[in-house]
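In what follows, a structure is listed as structure tokens, so that the remarks can point back to it.
The values are calculated or read from the model by the stated rules, or taken from the named source; none is laboratory data. From a predicted model like this one, the values you see are computed outputs, not experimental measurements. All Cβ positions, glycine included, derive from the backbone under ideal geometry; neighbour counts span all protein chains shown.
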């Protein structure tokens with residue numbers, strides 16, 4: 001490889017390295033109940049026997065694939081129930097770490113800011129609304145320095 005080729009390779013490698021550090025990697029969403037209901041199937045046995053298209057192992061593989069797809073549908077359909085059950089078990093066994101882990105999974109990035117309070121819109125108007133409410137609250141009771 002000539003100097004330009006090495007230079008090109010170094011630039012591309014630095015781009016890939018910078019991108020992997022700066023751009024967040026996305027992964028498939030985690031599905032509740034996956035490890036409990038879906039993970040263990042016959043695919044490995046089929047691979048170990050040379051991927052046959054006919055016979056008993058092929059039949060087992062097709063049945064396993066059908067069960068797999070059925071289990072995926074079941075897990076996706078009942079995802080919230082399975083998460084709730086995991087949270088209940090964690091709460092019942094006083095496993096605070098798993099409880100908060102499941103809570104974090106459920107509420108993943110769902111926080112949103114309120115944009116209207118008492119017909120006030122925007123940060124400044126909402127701030128002024130709260131300031132006026134607290135001013136009214138604190139001034140609603142008269143006091144003297146001797147009673148404090």
Note to self: Of everything in the stretch 114-137, what is part of a loop (DSSP other than H, G, I, E, B) and either surrounded by 12 or more Cβ atoms within 10 Å (Cβ to Cβ) or more than 34 Å from the chain's Cα centre (by Cα) (or both)? Give them in sequence order.
What the structure shows: none
Checklist line | Residue selected from the stretch 30-48 under the condition farther than 29 Å from residue 105 by Cβ and loosely packed, with under 14 Cβ neighbours inside 10 Å, by the criterion modelled with the highest pLDDT | finding: 48
